[in-house]
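Worksheet: the structure to be examined is printed underneath.
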Amino acid sequence: MLPKNARYSNTMIAIHWFTAVLVVVAYLVSEGGRHVRANPPVLHFACGFAVLVLVFARLIARAAGGAPPPVASVGPALARAAKLGHAALYLLLIAVPLTGWYAVSRLGVPIDLWGLRIPAIAAAVHGRIGPIGEIHQIGGNAILILAGLHAAVGVWHQFARRDHTLERMSPF
Ligand code: HEM
Ligand code: HEM
């Protein structure tokens, strides 16, 4: 068992895994624009908004000391690469829901999450909504690819380098 100060805080760990599940579900239930207009995927919107709310909660928990210092055996180059990768994930966790919100507003689809009405952030248009839908789709795919790589690196750390990296984020 790692000492407490070498692990992420319980709040950070809970948000990390909850977010991972929400991102995968949002991806699995995503739909293209035409289908969104005909039959809005409410679960997609709800998971995406939950990701957006949680990323801010997580950044606050991080600023409050929720993240441990890097693993001692990791050199400066690898530590910088990890920092960059994590920053890219954080950026996508904000940019993907925001572009989705913008796209759904342009489509003119009301965002009604089982009674919770979220306002539009752009004027609705008839017909094509411009590149924002594609940008959102590319971002949605990128976050899954990057998270997959990130998970593979975590497994490599744990089992090839044996530096206990996965245990730092383990809920057990
Ligand atoms: C982490 C969260 C999210 C992920 C991973 C994600 C992923 C995706 C993906 C992969 C697509 C393309 C689906 C297809 O063309 O078959 C898509 C479409 C879409 N998503 Fe999201 N999304 C997320 C959050 C959101 C949010 C918060 C909203 C809005 C409330 C949203 C609204 C839309 C809309 C309107 C489209 C259709 C865009 C178009 O085709 O023009 N998404 N999403
Ligand atoms: C959509 C899925 C995922 C997202 C968006 C994501 C995102 C992140 C982010 C942003 C961090 C940095 C935390 C910080 O220092 O503030 C992190 C850390 C971490 N993640 Fe993930 N993650 C995902 C899935 C996974 C999976 C599947 C695994 C395991 C196989 C994993 C293992 C870890 C570990 C071990 C850390 C801590 C790394 C360290 O100690 O430096 N993550 N994750």
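Exactly one residue out of ALA103, ALA82, ALA77, ALA152 is within 16 Å of ligand 2 (Cβ to nearest atom), touching a residue at least 12 places away in the same chain (Cβ under 8 Å) and either in a helix (DSSP H, G or I) or among the basic types (Lys, Arg) (or both): that is ALA82. Of GLY108, GLY65, GLY85, GLY75, all but one fail to be under 30 Å from ASP163 (Cβ atoms), surrounded by fewer than 19 Cβ atoms within 10 Å (Cβ to Cβ) and in contact with a helix residue (DSSP H, G or I) (Cβ under 9 Å, 6 or more places away or on another chain); the exception is GLY85.
Restricted to helices (runs of 4 or more DSSP H) entirely inside the range 1-61, those with at least 1 residues that are touching a residue at least 40 places away in the same chain (Cβ under 8 Å) and under 10 Å from the mean Cα position of the chain (by Cα) are 10-28, 42-61. Among residues belonging to the range 1-31 that are of a type in the set (Gly, Ala, Ser) and either more than 14 Å from ligand 1 (Cβ to nearest atom) or modelled with pLDDT under 95 (or both), point out the one that is nearest to ASP112 (Cα to Cα). Among those that are of a type in the set (Gly, Ala, Ser) and either more than 14 Å from ligand 1 (Cβ to nearest atom) or modelled with pLDDT under 95 (or both), it is ALA14.
Scan the range 120-141 and tell me whether some residue there is within 14 Å of ligand 1 (Cβ to nearest atom) and at positive phi. Within the range 120-141 (the criterion being within 14 Å of ligand 1 (Cβ to nearest atom) and at positive phi), the answer is yes, since at least one residue qualifies. If you go through the range 155-172 and pick out every residue that is among the charged types (D, E, K, R), in a helix (DSSP H, G or I) and near ligand 2 (Cβ under 10 Å from one of its atoms), you end up with 2.
The values are calculated or read from the model by the stated rules, or taken from the named source; none is laboratory data. As the structure is a prediction and not an experimental result, all values here were calculated from the model. Don't worry about glycine lacking a Cβ; one is built from the backbone with ideal geometry, like all the others, and counts go over all protein chains shown.
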